[in-house]
Amino acid sequence: MKYSAKFSIFMILLTIIAGCATMGPSYNQEISQIKSVPQLSVVVSYIGGVFWQAKIANNSDATVKLIWDESAYVNSKGKSTRLIRGQTRKLHSAQAQPSSPIPPGALLVESFTGEALAQFAGSYIIPKPENPSAKGRMYLSFEIDGNKYTWEGSVAFIQVSQ
């Protein structure tokens, strides 16, 4: 057998094995607000893979800061991970992140993931919830006029029919 034929067979077997390793139920996520922040409209949604999206409307007269380094996701087993903006590379994920300013009357739309989940970004492997019957929690930290506020959401896992 030629080298290229052996390599092709190896790659096919590797693909089959990898596919079997990731088989199983897949889950959608539904995020519900538990605690709001005054003067802000916050909507968080699951956009697939290991990413969420936040749409934050600043209805106040002051500039609001979304403080990424104080925002977190707590999975269904209680393990916490810091949230990082979607354009943050894995290489830079451990570094401090600048806050996202939201001027008065403005809308911020930002994708984000958990620092511990960043390794799966761009791959076909999507981690399953450790305890699908339990809910995760999401915390977004804001600063308005020198005061800190926390938006809190609940993350429910809904099994997708295959």
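Taking the conditions exactly as written (farther than 30 Å from N59 by Cα, in contact (Cβ under 8 Å) with a residue 12 or more places away in the chain and of a type outside the set (S, T, Y)), does F112 satisfy them or not? If you could, list the steps in order and put the result at the bottom.
Values: farther than 30 Å from N59 by Cα: no; in contact (Cβ under 8 Å) with a residue 12 or more places away in the chain: yes; of a type outside the set (S, T, Y): yes.
Spelling it out, it is not the case that F112 is farther than 30 Å from N59 by Cα, in contact (Cβ under 8 Å) with a residue 12 or more places away in the chain and of a type outside the set (S, T, Y).
Picking from residues in segment 35-78 that are among the basic types (K, R), closer than 29 Å to S133 by Cβ and more than 14 Å from the chain's Cα centre (by Cα), the one that is surrounded by the fewest Cβ atoms within 10 Å (Cβ to Cβ) is K77. Only one entry in A62, A134, A96, A106 is out of contact with any Leu (no Cβ under 7 Å at 6 or more places or on another chain), small (G, A, S) and under 20 Å from Q29 (Cβ atoms), namely A134. Select from segment 120-150 the residues that are more than 14 Å from the chain's Cα centre (by Cα) and either among the hydroxyl-bearing types (S, T, Y) or buried (at least 17 other Cβ atoms within 10 Å of the Cβ) (or both) and list them in ascending order. Matches in segment 120-150: S123, Y124, S133, K135, S141, F142, E143, I144, Y149, T150.
Return yes when I125 is modelled with pLDDT under 90 and closer than 24 Å to Y27 by Cα and no when it is not. Working first, answer last.
On the way: modelled with pLDDT under 90: yes; closer than 24 Å to Y27 by Cα: yes.
Yes.
Residues are listed down the side, and each one gets a yes or a no for (1) aliphatic (A, V, I, L, M); (2) farther than 18 Å from Q33 by Cβ; (3) modelled with pLDDT of 80 or more; (4) surrounded by 12 or more Cβ atoms within 10 Å (Cβ to Cβ):
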{"site": "K90", "(1), (2), (3), (4)": "no, yes, no, yes"}
{"site": "E110", "(1), (2), (3), (4)": "no, no, yes, yes"}
{"site": "E115", "(1), (2), (3), (4)": "no, yes, yes, yes"}
{"site": "A118", "(1), (2), (3), (4)": "yes, yes, yes, yes"}
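Look at segment 117-128: where a residue is over 15 Å from S76 (Cβ atoms) and a partner is exposed (fewer than 15 other Cβ atoms within 10 Å of the Cβ) and modelled with pLDDT under 70, sitting 6+ places away or on another chain with Cβ atoms under 7 Å, you get A118/K90; Q119/K90; Y124/T22; I125/T22. Within segment 106-162, the set of residues being among the basic types (K, R) and assigned to a strand (DSSP E or B) comprises R137, K148. Taking segment 39-77 as the range and being at pLDDT 95 or above and not in a strand (DSSP E or B) as the test, the residues that pass are Q39, N59, S60, D61, A62, T63. Take the conditions modelled with pLDDT under 95 and part of a strand (DSSP E or B) and apply them to I84. Does it pass? Yes: the conditions hold for I84.
The values are calculated or read from the model by the stated rules, or taken from the named source; none is laboratory data. These numbers come from a predicted model, not from an experiment. Every residue, glycine among them, receives a Cβ derived from its backbone with ideal geometry; neighbour counts consider all protein chains shown.
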